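Everything on this sheet refers to the single structure shown next.
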Amino acid sequence: MDTISLISGTRPTNPGPLARFLPPLEDGVIAAWLRENVPPGSWILDPFGSAPRLSLEAARAGYRVLVAANNPITRFMLEMGAASLPEAEFKAAIADLAVSRKGEEKLEEHLQALYCTTCISCTQQVPAQAFLWRKGEHAPYGRIFECMDCSESGEKPATPEDIERAAEIAKTAGLARARVLERVAPVDDPDREYAEEAIRHYLPRSLYALATLVNRLDSLQISDVRRRALTALMLSACDRGNALWPHPTERPRPKQLSTPPQFREGNIWLALEEAIPVWAGTGEPVPCLHWSVKGERLPESGGILLYEGRIKGLAEVVKNAPIQAVVGAIPRPNQAFWTLSALWAGWLWGREAAEPFKVALRRRRYDWGWQATALRAALHHVFELLPLSTPFFGLLGEAEPGFLSATLMAASTAGFDLRGLAMRTAHDPIQLLWQRGERLHREKEEVSLDAMQEALREHLRELGEPAAYLQLHAAGLATQAQGHGLMRPEQDFDEALREAQSKVQEAIQSNVRLERLDSEERSLEIGLWDLKEGEERAEPLADRVERSVVTFLQKNPASTLLELERGIYPEFPGLLTPSKALVGAVLESYGVEEAGRWRMRDEDRAALRRVELEMMARLIKTIGERLEYKVEQPAQNICIWKEKRKVVRVFYLLASAVTGHILDANRYPVEKCLLVLPGGRASLLAYKETRDPRLRKRLEGWSILKFRLLRSLADIPVLNRQTFEEQLISDPVEQTRGQMMMF
């Protein structure tokens, strides 16, 4: 298996509509990979259509992208993203909707009245932004509002009028509920009970507001462009109206259709207005065609061809669109989103639109065995469409052991050869590279326990520091996947997944050269793992990253974070990719950011630091002599204070936070030793300790003396030995701002 380097991207400032249900991906990754590996104008296949932004990015990079999208919601989102409608179009559409009539009232006034509440300061009626509920109760307990008259705002208890209004709406919302049910599954439909169960996650007020909007959209006389703009805004309102909005936010990415203990009931009209900047296009429009519409062709400069059926039906399509690469975000099971997608498709476009996706209403639970089975079936059809050795670049938006196991197993059994795996942290997408393998039957190469143990030891040796379980799990799985040994022919996926995980865990637990740090939990997924003391290992990753970042800044002043990451990541491929937090901690220590670009601090330029180190050595000598110690300097970076030939203090001077060589070479009692370094390095060293328990243990007893404190000590007119020791503990080490992201 080759080793690939992770491609860094940027976190989107506007992740787009329904982002909580879609894979959390970085912008720029797909375009960068394509430009490096595939000629512009080539046909690219996205077989899942699970991440509209990904397909749009590929198209805007100059590729023709064939997208199989059988979910009507993500398909619509892709179409809207390609159209890139300006914000003015959405505002005009909502203005048309606002002035339409509901009886004697304008529609906006009618819907806003549903959410009226009384300001506690000026007693004016204002529309609440949300009401707060507890699961199973029949009245809201709180409200969130902002009064434009007196500026009162925030979360307040619900009033009796709020409770009464909610009860009145509940009494009269039956007709609205029946209407939205009918648009998904009529009375005699076998899926009716499943639709009813799904709709229970909408409160009566939300159902009434949404039903009113759906009815009005059907009858409103507006242009097709504005109708589509309104449909997009209503899709966001459909999501805002359900009860899957925890309060406070504790599950920002729901996977199951399960109402949290406390939740928000959002104002549906405000949801329409707030969705405008989310949907408004900022990029150039992209040509977007439907396979079912004949006669039009995508330009070679790029565009999207939408296929609305299942992947197995793509054989006819690729005759005219020869695929040169596959890209895609591997879909993760999401019962909440898939069920709601069936509901929303029926509400917005009618029963026919929901029909192909209604199967999602029936299933309640998805396990990793189901995921592997479904993914293998899809990838088997993809395999049949591709020439030998076609690359497949996949992204796992959520790095979980089960998700990774199911994905690698499905791809392997479908005939794809794993070429590389790159991972940063458990909070970042995993990047995977496969090639379409041969059709010939291949013997499965089962991996021995010894080989698995050696793979884990080798990863920890290369890392040079402790690793989380997910990293070891990935290393073990990749080892098994190399020879397509993740699954035996007679196994089903559930058994194979259990066995694959068991092999990795056995390789960890039975490995006499490994130990767990900082945890006594029974679960192997808790805590950190490392080689035992005395085992050979590389220099710690954090130290190598520090040197790499500094070298890059010296050679490339005024670089962006993205440029820096893409510059250094090839030095740390695969599972060695450093986290953004680690890179950021080094940048904070050495760099200055100006208008989004980083440069070295003036004082950290090599020549100036050499001069400063010499000055610090002189200050240590001067202070030691003032305190009547004998001062020796056996090396340029070491000063020793002695009294009666006994060592009192040992000062190690350094300009970096790379301390391994000093800790290894030191032969003096650690309680007498000090690391003398710039303040920024002290903070960086403190951050390194938070992520490496072994380093923290090695530094126990050592004192840290910052350059600035050393200068202050030299300026004290009356300095004695006692005040020197007191001053040492008066200047604590501050950790860098990135400290909370451990890896």
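In what sequence do His138, His381 fall when counting other Cβ within 10 Å, fewest first? The partial results should precede the final answer.
Details: His138 9, His381 17.
Fewest-to-most Cβ neighbours within 10 Å comes out as His138, His381.
Which Cys residues of the chain have no other Cys Cβ less than 4.7 Å away and so no disulfide-compatible partner by this rule?
By the Cβ distance rule, which asks for a partner under 4.7 Å, the isolated cysteines are Cys116, Cys238, Cys288, Cys639, Cys673.
Among DSSP bridges having both ends in the stretch 610-728, what percentage is antiparallel? Round to the nearest 5.
Working: 10 of 18 bridges.
Looking only at bridges with both residues in the stretch 610-728, the antiparallel portion is about 55 percent.
Rg and Dmax of the chain, Cα atoms, in Å?
When restricted to Cα atoms, the chain yields Rg and Dmax of 30.7, 100 Å.
List the GluC sites (Glu not before Pro) within the stretch 622-669 that DSSP assigns to loop and that have no more than 10 neighbouring Cβ atoms inside 10 Å. Please list the in-between numbers first.
Numbers: sites: Glu625, Glu628, Glu632, Glu643; in loops: Glu628.
Filter output for the stretch 622-669: Glu628.
Which pairs, out of Lys630/Lys697; Lys532/Lys688; Lys312/Lys358; Lys91/Lys358, put more than 28 Å between their alpha-carbon atoms? Show your work: numbers first, answer last.
Values: Lys630/Lys697 31 Å; Lys532/Lys688 19 Å; Lys312/Lys358 19 Å; Lys91/Lys358 32 Å.
Too far apart for the 28 Å limit: Lys630/Lys697; Lys91/Lys358.
Pick out, in residue order, every one of the chymotrypsin sites (Phe, Trp or Tyr not before Pro) in the stretch 111-174 that is DSSP loop and has at most 16 other C-beta atoms within 10 Å; say none if there are none. Could you put the intermediate results ahead of the total?
Details: sites: Tyr115, Phe131, Trp133, Tyr141, Phe145; in loops: Tyr115, Tyr141.
Listed in order of number, the matching sites are Tyr141.
For a quick check of your reading of the filter: which trypsin sites (Lys or Arg not before Pro) in the stretch 289-341 sit in a DSSP loop and have no more than 15 other Cβ atoms within 10 Å?
Lys294, Arg297, Arg310, Lys319
When DSSP assigns beta bridges and you keep just the ones with both residues in the chain, what percent turn out antiparallel, to the nearest 5?
65 percent
Whole-Hz ³J(HN,Hα) for each residue in the stretch 532-537, computed from phi via Karplus 6.51 cos²θ - 1.76 cosθ + 1.60 with θ = phi - 60°, x for glycine and proline: what do you get?
Each residue's phi maps through the Karplus curve to give 5, 4, x, 6, 5, 8 Hz.
Determine the percent antiparallel among the DSSP beta bridges restricted to the stretch 640-687, to the nearest 5.
Numbers: 4 of 8 bridges.
Expressed as a percentage, antiparallel bridges in the stretch 640-687 total about 50.
Just list whichever of Lys646/Lys706; Lys255/Lys580; Lys555/Lys672 have alpha carbons separated by over 31 Å in the model shown.
From the list (Lys646/Lys706; Lys255/Lys580; Lys555/Lys672), the Cα-Cα distance tops 31 Å for Lys555/Lys672.
Could you put Thr3, Thr577 in order, starting from the residue whose Cβ has the fewest other Cβ atoms within 10 Å?
Details: Thr3 13, Thr577 26.
Fewest-to-most Cβ neighbours within 10 Å comes out as Thr3, Thr577.
Mind putting a number on the dipole of the chain about its Cα centre? Charges go on the C-beta only, +1 for Lys and Arg and -1 for Asp and Glu, and I need it in Debye to the nearest 20.
Numbers: 95 positive and 102 negative charges, 188 e Å.
The calculation lands at about 900 debye.
Once amide H atoms are placed 1.01 Å from N in the peptide plane, what residues at a sequence separation of 5 or more from Gln129, or on another chain, have their amide H within under 5 Å of its amide H?
Ile144, Phe145, Glu146
Using the number of other C-beta atoms within 10 angstrom as an exposure proxy, rank Met148, Met234 with the fewest first. Don't skip to the end; give the middle numbers.
Numbers: Met148 10, Met234 24.
Starting with the residue having the fewest Cβ neighbours, the order is Met148, Met234.
Can you tell me the order of 365-374, 261-270 when each peptide is scored by its average per-residue count of other Cβ atoms within 10 angstrom, highest first? Present the calculation step by step, with values, prior to reporting the outcome.
Details: 365-374: 17.6, 261-270: 21.3.
Put in order of decreasing packing, that is 261-270, 365-374.
Going by the alpha-carbon gyration tensor, a ≥ b ≥ c the square roots of its eigenvalues, is the stretch 181-254 rounded (a/c under 1.5) or, if a/c is not under 1.5, prolate (a/b greater than b/c) versus oblate? Numbers along the way, then the final one.
On the way: a/c = 2.27, a/b = 1.18, b/c = 1.92.
Here the stretch 181-254 falls in the oblate category.
Any read-out appearing in this document is the output of simple, stated calculations on the displayed coordinates, not a laboratory observation. On a predicted model such as this, the values are computed, not experimentally measured, just so you know. Counting neighbours? That spans all protein chains shown, and the Cβs are built from the backbone with ideal geometry, glycine included.
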